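Student: If you scroll down you'll find the structure; I have some questions about it.
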Amino acid sequence: MNTLTESPTTQDVRLSPDEFKAAFRDHPAGVAVITADAGHGPVALTATSVASVSADPPLIVFSVSEISSSSPTIRAASTLVVHLLGVDQLHLAKLGATSGIDRFADESLWEVLPTGETYFPDARTWIRARVVDVIVAAGSAVVLVEALEAKPGDDTQHEPLVYHNRTWHRLGDHSRID
């Protein structure tokens, strides 16, 4: 039921959750994996909500559902790592998106930075960041972090991984339109 067509003058008109999901399902997004450890072991989750906020200071924002098993650790961590993935890291995206598994069972995939954060060194780009603020918004937490250190990707070696309409995609010269 679309409330917009039923009462266009109502100030409290809201999109249904299904309508909202459908709208964003058609909006492609880059894929990232967030890792954090608040002292009880590392967690990881796949996110498509990662966005840069500012270059000076270097700020990033992302959201995490409160029902995610990683949410309590991410909310309690003082630092974390944001991994921006290329198509070669699809296995990491799937790893972070799979519920009910030990995401760190394969010790060949991850390492610990000298500063203590768990990270995936094969990620196209990773950014170590300090949590600045966590804002609870409905059933999610919006996390604002300040970038402290980064290993930038090499654009000539990796095509970015994109999620669109419940499917993984790649960007590259084949998708360029200008």
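Student: Do you know which residues across segment 101-130 are under 16 Å from the mean Cα position of the chain (by Cα) and polar (S, T, N, Q)?
Tutor: THR118, THR125
Student: For segment 141-152, does any single residue satisfy the condition of being farther than 23 Å from LEU90 by Cβ, more than 16 Å from the chain's Cα centre (by Cα) and surrounded by fewer than 17 Cβ atoms within 10 Å (Cβ to Cβ)?
Tutor: yes
Student: Could you tell me whether segment 128-138 includes any residue that is at pLDDT 95 or above, small (Gly, Ala, Ser) and outside any strand (DSSP E or B)?
Tutor: No: zero hits.
Student: Only one residue in ALA150, ALA123 is part of a strand (DSSP E or B), in contact with a strand residue (DSSP E or B) (Cβ under 6 Å, 6 or more places away or on another chain) and of a type outside the set (Ser, Thr, Tyr). Which one?
Tutor: The conditions single out ALA150.
Student: Taking segment 103-161, which residues are in contact with a helix residue (DSSP H, G or I) (Cβ under 9 Å, 6 or more places away or on another chain) and of a type in the set (D, E, K, R)?
Tutor: ARG103, ASP106, ASP122, ARG124, GLU159 - these are the residues of segment 103-161 that are in contact with a helix residue (DSSP H, G or I) (Cβ under 9 Å, 6 or more places away or on another chain) and of a type in the set (D, E, K, R).
Student: Oh, and also: Let me spell it out: the conditions are (1) more than 16 Å from the chain's Cα centre (by Cα); (2) surrounded by fewer than 16 Cβ atoms within 10 Å (Cβ to Cβ), and HIS158 meets all of them except one. Which number is the exception?
Tutor: Unmet for HIS158, out of (1) more than 16 Å from the chain's Cα centre (by Cα); (2) surrounded by fewer than 16 Cβ atoms within 10 Å (Cβ to Cβ): (2).
Student: I've got another one for you. Go through segment 43-58 residue by residue and tally those that are at pLDDT 95 or above, part of a loop (DSSP other than H, G, I, E, B) and closer than 12 Å to VAL82 by Cβ.
Tutor: Of the residues in segment 43-58, 1 are at pLDDT 95 or above, part of a loop (DSSP other than H, G, I, E, B) and closer than 12 Å to VAL82 by Cβ.
Student: Also: Filter segment 15-27 for residues that are modelled with pLDDT under 85 and outside any helix (DSSP H, G or I) and give the result.
Tutor: Those that are modelled with pLDDT under 85 and outside any helix (DSSP H, G or I): ASP26, HIS27.
Student: Looking at segment 101-120, which of its residues are among the aromatic types (Phe, Trp, Tyr) and outside any loop (DSSP other than H, G, I, E, B)?
Tutor: Within segment 101-120, just TYR119 meets the criteria.
Student: Could you tell me whether segment 96-108 includes any residue that is surrounded by fewer than 21 Cβ atoms within 10 Å (Cβ to Cβ), aromatic (Phe, Trp, Tyr) and out of contact with any Pro (no Cβ under 6 Å at 6 or more places or on another chain)?
Tutor: Scanning segment 96-108, I find no residue that is surrounded by fewer than 21 Cβ atoms within 10 Å (Cβ to Cβ), aromatic (Phe, Trp, Tyr) and out of contact with any Pro (no Cβ under 6 Å at 6 or more places or on another chain), so the answer is no.
The values are calculated or read from the model by the stated rules, or taken from the named source; none is laboratory data. These numbers come from a predicted model, not from an experiment. Positions of Cβ are backbone-derived with ideal geometry, glycine not excepted, and every protein chain shown enters the neighbour counts.
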